[in-house]
Structure formats: C-alpha cells, structure tokens
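The values are calculated or read from the model by the stated rules, or taken from the named source; none is laboratory data. In this text, all values refer to a predicted model and were calculated from it rather than measured experimentally. Don't worry about glycine lacking a Cβ; one is built from the backbone with ideal geometry, like all the others, and counts go over all protein chains shown. These area figures cover heavy atoms from the full protein model, side chains too; ligands, DNA and RNA do not enter into them. Shrake-Rupley method; radii C 1.70, N 1.55, O 1.52, S 1.80 Å.
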Amino acid sequence: MNTPSDWELVALARAGDDQAFGALVRRHENGLIAFCHRMTGSRDDAEDLAQECFIRVYRYLWRLRPEAKFSTVLFGMARNLTLNFLRDAKRRGRCRTQPLTSHDAVQERVCNPLHTPDSQARLSELEARLERTLELLSPEHREILVLRELNGLDYDAIAAVIRRRKGTVRSRLARAREQFRIRWLELGGGDL
C-alpha cells in the first residue's frame, strides 16, 4: 500500500480524519522542532513553537492549498512564529535558555566508550563554538543557514519559506556564510 502524500493527508484531515492529521504531525514534527531549536536555542521553546505551528495548521486546514510542498508551508509558518518569538524575547530581554545541543546527545557521547575524554572535550568545545557563532548572527542569517545547511532545503523551498526570490536566497545565504565565517574566526575557530 502506498504511503499517502502530505496533501492527501491534509485532504483526509479536512474531511475529519484525525488520524491523518496525526500522521502529518508525526511525519514533520522532528524536522520542525529541530528548525525551531536551532533558531531559538531552547528545546522547550522549540517544542512550544512547533506545537503552536501544528495548531495553526489544524485551525486553517480549510485554507491550505497544494500550490507548494506541504513542508514549505509548514516551515513558512514556523519561520514566522519563530521570528515573532525572537523579536518578543529581545524586547523582554530574555536570553537563550538552553544550549543548542540537547542534554541527551551530550549524555550519549559521554557514555559512549568509543569516545575518549580528549575527543569528547574537543567535540564539546566545537559544539559550543558553533552554538555561539550561530547566536551572533542576525535572525535572518541564522534562519537561512539552518534551513539550508541543517534542514537541507533547496533554494526554491527556502525562497517559498522566507517569501523571497531565489536570487535573494542565494545572496543572503552567501552573506550568512561569510558572516558565520567571520564570527567563527573571531571566536577562535580555525579556517572553514
């Protein structure tokens, strides 16, 4: 039996099939949480934002049209929610609440006998520098790097998510990479 596409699941959910909507959530929740986590630096905030995004999708199912990939629509909503969250957090003077690497991932590395203490320390230092470098970027540069380099979206999908032309995506990504490189070197990282 073929797995239904995202838009087929949307159509089923519109018709009242809650299991179809649940399948959509399960299919996309990890990627959505990862995107929000990289943007906010907080796993808790990322989960809240992803949940809010799915609530909005459910609320507006009847308005969704398959003019783009469903994931593009979903990441577009998540982007707007995340940028609003970051703007509001900045106004409130709220800082990041958790590192970008989860405690579970760090714990897994610590407990893995294949990692020596020296390699674990180097990896932790590298992750901390990566996290700090991303924090120093503007939200626009951070989002485009996360969408391209961590979520693997192509230029067309990114253009649809951020509602810009493909050429703008290319130039913004080039500037984001250059800013990342500069910040990386300022924080003592080696050449990329």
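Scanning segment 42-69 for residues that are over 24 Å from GLU8 (Cβ atoms) and buried (at least 21 other Cβ atoms within 10 Å of the Cβ) yields a total of 4. List the residue pairs whose Cβ atoms are under 7 Å apart, where the first residue sits in segment 175-190 and is at negative phi, the second is open to solvent by 70 Å² or more (accessible area, probe 1.4 Å) and at pLDDT below 90, and the two are 6 or more positions apart or on different chains. Partner pairs satisfying both residue conditions: ARG181/LEU192; TRP184/LEU192; LEU187/ARG132.
I'd like to check which helices (runs of 4 or more DSSP H) are fully inside segment 75-173 and have at least 2 residues that are out of contact with any Pro (no Cβ under 7 Å at 6 or more places or on another chain), at pLDDT 75 or above and open to solvent by less than 30 Å² (accessible area, probe 1.4 Å). Break it down stepwise before answering.
Working: elements: 103-111, 117-136, 139-145, 155-162.
Filter on segment 75-173 gives 117-136, 139-145, 155-162.
For segment 56-72, filtering for residues that are hydrophobic (A, V, I, L, M, F, W, C) and without any contact (Cβ under 8 Å) to a residue 60 or more places away in the chain leaves 4.
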